[in-house]
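Asks: Sharing a structure below in structure tokens format, with a few things to ask.
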Amino acid sequence: MIKKLIKIISIIFLLVICLIVYLSFVGIKTEKFNEIIVNKILEINKNIELELKDVKFLLDPYNFKVKIVTVNPAIILNSNKIFIKRIKTNISLRALIFDEFSIDDVEISSKPIMLKDIILLARSFNDSVKLFLLDRTVKEGFLSANIKLKFDENGKIKDDYQIKGFIKKIKFDLLNKFNVNNLNFEFDIKKNKYSFTEIKTDVNDIKIASPIIEINQKKDLFFVKGKILTAEKEFNVEQLSIFFDSLLKKINLEKIKFSSVSDFSFNINKNLTYSDLDIKSKINLDQLILKNDFINLKPYLPNSNEILNFVNQKIAINYNKNNLEIKGNGDFSIKNKFDSISYQIIKDNDKFIFETKTNLKNNKLLINFLNYEKKENLPATILIKGSIKKNNKTRFDLISLVEKENKIIFKNLNLNKDFKITSIDSFNFNYMNSNNIKNELFMKKDNLSYTIKGETFDATKLINKIMDSKDDNSIIFDNFNPKINLKINKTYIDQVYFVNNLLGTLSFKNNKIVDLNLRSIFSNNKTITLTIKTNDKQEKITKLYTDYPKPLVKRYKFIKGFEKGYLDYYSVKKNGISNSLLIIDNFKVKEVPIFAKLLSLASLQGIADLLTGDGIRFTDFEMKFINNKKLMIIEEMYAIGPAVSIMMDGHIQSNKLVRLKGTLVPATTINRAIASIPVLGSILVGKKTGEGVFGVSFKIKGSPKDLKTSVNPVKTLTPRFITRTLEKIKKN
């Protein structure tokens, strides 16, 4: 009996085991619970319908649950069907036995679904403006997902849901500006945490990839962080203008080729307002070609042309809130001559701090105002440190140029928004200039005054600039008001002549010299003094005196062989108009081309020959003239000498027009000498004493490069000429 009982129990147990195994792995199909499942879905959203086929039940004996699986169901929304791959849920055995059917969790595996259909489904739950805009923006693309949902006792979704899947081939336009094509990525969505991986897309034909982007939600704020990669590509201006339009207009980009890796993070709210942007980028700039019309480098880099080429640049960019840091280094070329540069730019709120180091070897460098030239194949290092403030004021803490033994250093140089100098603390020059003259000069600021000292200084360039300048607006300073003390042992005024022990002071007011007192000695112990005073009438009175004028006159190329004499210059200037008097006495000239032409045209060849021989000596020279910007009015120019005298007036308009007229008269002794010349003497002087011409009148007119000269003999001198001659004779 016991054996039969054991046998029956064993058979029943075996049957139960087989049933459990069958139900666990094979299961049973039924449509009994289809209506219940559909009703549960309708409780979530009444706008959708669920079309189910056979439902399979599988036993989960370990968890005392039953798995319910339906294959190929469909969601019906507005007569559109969204096909699902599989829906799986679990219910407890107790609920099944006691007919208390309720869904504890749902796992949905979808087939690839068009994204437009997903948006339509989402709008059925919550038809927001954002979903409406998304529906209008998205053109193509599909989605596949695995959704895991758990429900509480009230049928609400618990917080531990998970949605995983991928999106392929999305295409959309954003603001008719950004065209996104072939967007692909995988996603993993949990409560308050969104993860997107393997992102690849084309934005305006620019390939962009990202290994991961994560979004963490805290209340109404979303924290986004991720990484973006751009493959090396040659970009055209049209592609980048959408992102950097205003910048590209300024720098005139010709070509750019680069790759980049960027880590970023920011906060964004539901209104799509972002904050706390943080970007860390590394850029490999293979090539950047700029049209060099936004800054003229030709005066400094004479080999430069319209193209500036940056190559092999390694750039790191860090941006955080209002702070920006850019570090980089690489090469640049001008006409295929390569040199290197490194740089750092830091934006701290409203202030830019910069530092650059340029190793210049293969390119020539010119600094014209210092008459400095670095030749090709000579290495030099240029270091610049400074800052730019919000008001566009620029400060150079250091500008340093070092080339072998040559050094040019500026410290604490401040510029206004118009790049005029507002202040400078010091400079230190120790270099050989283009004239092969050593410049050793040092300047230091002390409160409101400056002291300039040095062993040697070539002032040729400075003197030429001052003498050629007709306009005070050429000043490079802004509101410059200091006093300058000068002490230079040797100062060159050209490549040959120099003065020793240059001493003096200069006082400025509103960029203009109001008081100046300079004195120095030539190597032959001759002196030179220059003073400028401003009186109560705001008249600037300039006085220059030297008993060795040759070095000053020598710079006028049309006068050659100037010797001896002394020079006295006096000028009064007010409101841009100067009245001047120039006196040079007891000098000799060997060649004056225009003067020689006048003498030859007047048939005074004997005197003209003197200009190619020993020269003509003058006892007195005076010129009264007025300067008004580029117009010089010569009221009277008068010169007298043993051989010839001349009086002239007129005006000269710089680089445009010359109008001069005057009288030229040979001396009596020269007239007698000319009379002894056969034929020519009888024509000019006459056969009888007192006959013949006294001189000639002349006119000079035309552009400076095309002067027309005419002469006419005169037998009667003007009272003005006679009066001036008698004055000079009496004085002498």
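The values are calculated or read from the model by the stated rules, or taken from the named source; none is laboratory data. Keep in mind that this is a model prediction, so the values were computed, not measured. When we count neighbours, we look across all protein chains shown, and the Cβ atoms used for this are built from the backbone with ideal geometry, even at glycine. We work out accessible area using only protein heavy atoms, side chains counted, and drop any ligands, DNA or RNA first. Shrake-Rupley method; radii C 1.70, N 1.55, O 1.52, S 1.80 Å.
Asks: Pick from the stretch 425-477 the residues that are under 22 Å from residue 395 (Cα atoms) and open to solvent by 80 Å² or more (accessible area, probe 1.4 Å): which of them is modelled with the lowest pLDDT?
Replies: Initially, the stretch 425-477 is screened for residues under 22 Å from residue 395 (Cα atoms), giving 425-429, 442-452, 474-477.
The next check asks that each one be open to solvent by 80 Å² or more (accessible area, probe 1.4 Å); those that pass are 442, 444, 446-448, 476.
Values: 442: 94, 444: 93, 446: 86, 447: 84, 448: 81, 476: 72.
Top of the filtered list is 476.
Asks: For the stretch 274-288, indicate whether the set of residues that are touching a residue at least 24 places away in the same chain (Cβ under 8 Å) and open to solvent by less than 30 Å² (accessible area, probe 1.4 Å) is non-empty.
Replies: For the stretch 274-288, residues touching a residue at least 24 places away in the same chain (Cβ under 8 Å) and open to solvent by less than 30 Å² (accessible area, probe 1.4 Å): present.
Asks: Go through the stretch 362-401 and give me each residue that's in a loop (DSSP other than H, G, I, E, B), free of Cβ contacts under 8 Å to residues at least 24 places away in the same chain and acidic (Asp, Glu). Break it down into steps so the answer makes sense when it comes.
Replies: So in the stretch 362-401, the residues in a loop (DSSP other than H, G, I, E, B) come out as 362-364, 371, 375-379, 389-393.
Pick out the ones that are also free of Cβ contacts under 8 Å to residues at least 24 places away in the same chain and you get 375, 377.
None - no residue of the stretch 362-401 is in a loop (DSSP other than H, G, I, E, B), free of Cβ contacts under 8 Å to residues at least 24 places away in the same chain and acidic (Asp, Glu), so the list stays empty.
Asks: Now, a different point. Within the stretch 414-434, how many residues turn out to be of a type in the set (Gly, Ala, Ser) and either free of Cβ contacts under 8 Å to residues at least 24 places away in the same chain or in a strand (DSSP E or B) (or both)?
Replies: If we filter the stretch 414-434 for residues that are of a type in the set (Gly, Ala, Ser), which is where we start, we get 423, 426, 434.
Of the ones still in play, those that are also either free of Cβ contacts under 8 Å to residues at least 24 places away in the same chain or in a strand (DSSP E or B) (or both) are 423, 426.
So the count comes out to 2.
For every residue, the table says whether it meets (1) part of a strand (DSSP E or B); (2) surrounded by 15 or more Cβ atoms within 10 Å (Cβ to Cβ); (3) of a type in the set (D, E, K, R); (4) modelled with pLDDT of 85 or more.
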{"position": "140", "(1), (2), (3), (4)": "yes, yes, yes, no"}
{"position": "147", "(1), (2), (3), (4)": "yes, yes, no, no"}
{"position": "153", "(1), (2), (3), (4)": "no, no, yes, no"}
{"position": "160", "(1), (2), (3), (4)": "no, no, yes, no"}
{"position": "163", "(1), (2), (3), (4)": "yes, yes, no, no"}
{"position": "171", "(1), (2), (3), (4)": "yes, yes, yes, no"}
{"position": "195", "(1), (2), (3), (4)": "yes, yes, no, yes"}
{"position": "217", "(1), (2), (3), (4)": "yes, no, no, yes"}
{"position": "234", "(1), (2), (3), (4)": "yes, no, yes, no"}
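Asks: Could you grab me the full set of residues in the stretch 344-398 that are more than 29 Å from residue 434 (Cβ to Cβ) and of a type outside the set (D, E, K, R)?
Replies: 344, 345, 346, 349, 352, 353, 354, 387, 388, 391, 392
Asks: Determine if the stretch 526-548 includes at least one residue that is on the phi > 0 side of the Ramachandran plot and either open to solvent by less than 60 Å² (accessible area, probe 1.4 Å) or touching a helix residue (DSSP H, G or I) at 6+ places or on another chain (Cβ under 6 Å) (or both).
Replies: no
Asks: If you scan the stretch 617-638, which residues turn out to be at pLDDT below 85 and in contact with a Ser or Thr (Cβ under 7 Å, 6 or more places away or on another chain)?
Replies: Passing the criteria: only 630.
Asks: Identify all residues within the stretch 402-413 that are farther than 26 Å from residue 345 by Cα and part of a strand (DSSP E or B); write none if there are none.
Replies: Taking the stretch 402-413 first, the residues farther than 26 Å from residue 345 by Cα are 404-406.
Selection gives 406 alone.
Asks: Restricting the search to the stretch 558-582, which residues are farther than 15 Å from residue 531 by Cβ, open to solvent by less than 30 Å² (accessible area, probe 1.4 Å) and either modelled with pLDDT of 90 or more or in a strand (DSSP E or B) (or both)?
Replies: If the condition is that a residue be farther than 15 Å from residue 531 by Cβ, open to solvent by less than 30 Å² (accessible area, probe 1.4 Å) and either modelled with pLDDT of 90 or more or in a strand (DSSP E or B) (or both), then 578 is the only one that fits.
Asks: Kindly indicate which of 329, 309, 359 is assigned to a strand (DSSP E or B) and open to solvent by less than 40 Å² (accessible area, probe 1.4 Å). Explain how you work it out, then say what you get.
Replies: Working: 329 fails: open to solvent by less than 40 Å² (accessible area, probe 1.4 Å); 359 fails: open to solvent by less than 40 Å² (accessible area, probe 1.4 Å).
The match here is 309.
Asks: In the stretch 78-116, how many residues are of a type in the set (Gly, Ala, Ser) and at pLDDT 75 or above?
Replies: We begin by selecting, within the stretch 78-116, every residue of a type in the set (Gly, Ala, Ser); these are 79, 92, 95, 102, 109-110.
Add one more test, that the residue is at pLDDT 75 or above, and what stays is 109-110.
Result for the stretch 78-116: 2.
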